[in-house]
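Peer 1: Take this structure first; my questions come after.
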Amino acid sequence: MRTSFEHLIWEVEGQVAVLTINRPEVLNALNADVLEELDEWSTQIHPKLEQSTNPIRCIILQGAGSKAFVAGADIKEFKGKTKVEAQAVSTRGQRIFGQIEQLPVPTVALVEGYALGGGAELAIACDFRLAAPNAIIGFPEVKLGLIPGFGGTVRLPRLIGYAKAMEWMTTAKTITAKQGVDVGIFNAILEQENENMLDLAKEWITPLCSMAPMAIKSVIFAMKSQQNMYSTQFFEKEASLFGTLFETHDFEEGVNAFLEKRNPGFQNK
Ligand code: CO8
C-alpha cells in the first residue's frame, strides 16, 4: 500500500491509525488531488483492515492545524465546471465517502475548528465525531447557490432527524461543539483547553480498542447493512440537483461573492 501522499498523512501507531488531510493554507479544502488520494487510500486500506493479523482497531481522521477539520470542497475549483462535470464530481465524492463509511473498523472524525460543506459530509460519513472546544460544523452550500453534494442530504437527516437537517441545510447555520453534542452530531466534546486534541481523542477511543475486534466488526456490518438499504437513488438525486445548480446565475454569484470576499446578491435564476 502507498504510504506517502502529497496531501494526506497516514500514521499507524499500535492499534490506532491517524489520517490527516494536509492543506492547512486553505483550511484543508478538498480539491481534486485530495479526493484522488482519499480514493486511493480508502480503496487500498480496506482489504488490509480485513486481515485478521492487522493490528488497527480504529482510524482517526483529522485536518492539519487547529483551525479546520475541512472547510469543504475547494470552491476555487468550481468555476468553469459544467453541469455534467459537477454532477460527476459529486457522484465521485459520494462514492469515496461511501468507501470510507464502509471501512471495517470504526472511524472517528476529530473536528478541530471548521467542518463545513464537504468537510461536514466527510465527518458524518465517519462512525463517530469528536469535537474540540472550537469545533464549528455546518452546511453553508446554499450561500454559494448550491446544495451538499457529497451525501449530506442523505446522511444528515438519518443522523440528526429530518427537521434539524432541513433547518441546517436551508439556513446555512453553523453549530458549535456544545450545540452539536446536544443534537447528537458530536459524540463528545474534548473539553480540556490547551491539551493536544489528538491525544484526547486517542484516550476517548481506548475502551473501544480493548473490545473483541470481531464483535466490533460485526456491529459495524450489522448497522451499515441497514444504511445500504435505501441510499442509491437518494444519492443520485442529490448529485443530479447539485449538477443542475451549476447552470444558475445564483451559483455563479455565490462563488464569485466568496472569492471576492463579499455578500452575494441572489436573483432566483
Ligand atoms: N475552498 C477553497 N478555499 C477555501 C475554502 C474552500 N472551501 N475555505 C477556505 N478557503 C481558503 C480561503 O479562500 C483563504 O484563502 P486566501 O488566504 O487565499 O484568501 C484561506 O482558506 C483562509 O480562509 P479565510 O481567510 O476565509 O478564513 P476565515 O477565518 O476568514 O474564514 C471560513 C473561515 C468561515 C471557513 C471561510 O473560509 C469560509 O466560509 N470558507 C468556505 C466554507 C464553505 O462554503 N464550504 C462549503 C463549500 S461547498 C461544498 O463543500 C460542497 C460539497 C460538494 C462538492 C462537490 C464538488 C463539485
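The values are calculated or read from the model by the stated rules, or taken from the named source; none is laboratory data. Note that the structure is a prediction, hence the values are computed from the model and not measured. As a convention, Cβ positions derive from the backbone with ideal geometry for all residues, glycine included, and neighbour counts pool all protein chains shown. To get the accessible areas, we keep the full protein, side chains included, count just its heavy atoms, and leave off ligands, DNA and RNA. Shrake-Rupley method; radii C 1.70, N 1.55, O 1.52, S 1.80 Å.
Peer 1: Which pairs do you get when a residue that is open to solvent by 10 Å² or more (accessible area, probe 1.4 Å), found in region 113-132, comes within reach of a residue that is basic (Lys, Arg) and within 12 Å of the ligand (Cβ to nearest atom), reach meaning Cβ atoms under 8 angstrom, with the pair 6+ apart or on two chains?
Peer 2: That search, which allows pairs on different chains as well, returns Tyr114/Lys67.
Peer 1: Same structure, new question: Of all residues in region 55-77, which are more than 16 Å from the chain's Cα centre (by Cα), crowded, with 21+ Cβ neighbours inside 10 Å and closer than 19 Å to Glu260 by Cβ?
Peer 2: none
Peer 1: Do we find a residue being in a loop (DSSP other than H, G, I, E, B) and within 14 Å of Leu146 (Cβ to Cβ) anywhere in region 112-121?
Peer 2: Yes, region 112-121 has at least one match.
Peer 1: Residues of region 71-97 being more than 10 Å from the ligand (Cβ to nearest atom), farther than 15 Å from Leu30 by Cβ and in contact (Cβ under 8 Å) with a residue 24 or more places away in the chain, which ones?
Peer 2: Once the filter is applied, which keeps residues that are more than 10 Å from the ligand (Cβ to nearest atom), farther than 15 Å from Leu30 by Cβ and in contact (Cβ under 8 Å) with a residue 24 or more places away in the chain, region 71-97 yields Lys79, Thr82, Lys83, Val84.
Peer 1: Leu146 - would you say it is in a loop (DSSP other than H, G, I, E, B) and surrounded by fewer than 24 Cβ atoms within 10 Å (Cβ to Cβ)?
Peer 2: no
Peer 1: Please specify each residue of region 149-178 satisfying the condition of being surrounded by fewer than 16 Cβ atoms within 10 Å (Cβ to Cβ) and within 11 Å of the ligand (Cβ to nearest atom).
Peer 2: Listed by number, the list holds a single entry, Ala172.
Peer 1: Right, here's the next one. Pick from region 78-92 the residues that are farther than 20 Å from Asp39 by Cα and part of a helix (DSSP H, G or I): which of them is least open to solvent (accessible area, probe 1.4 Å)?
Peer 2: Lys83
Peer 1: Please count how many residues of region 17-70 are within 16 Å of the ligand (Cβ to nearest atom), over 20 Å from Ala201 (Cβ atoms) and of a type in the set (Gly, Ala, Ser).
Peer 2: The qualifying residues number 2.
Peer 1: While we're here: What are the residues in region 133-143 that are surrounded by fewer than 24 Cβ atoms within 10 Å (Cβ to Cβ) and of a type outside the set (D, E, K, R), if any?
Peer 2: Result: Pro133, Asn134, Ile136, Gly138, Pro140, Val142.
Peer 1: Within region 246-266, can you find the residues that are under 25 Å from the mean Cα position of the chain (by Cα) and open to solvent by 90 Å² or more (accessible area, probe 1.4 Å)?
Peer 2: Those that are under 25 Å from the mean Cα position of the chain (by Cα) and open to solvent by 90 Å² or more (accessible area, probe 1.4 Å): Glu252, Phe258, Lys261.
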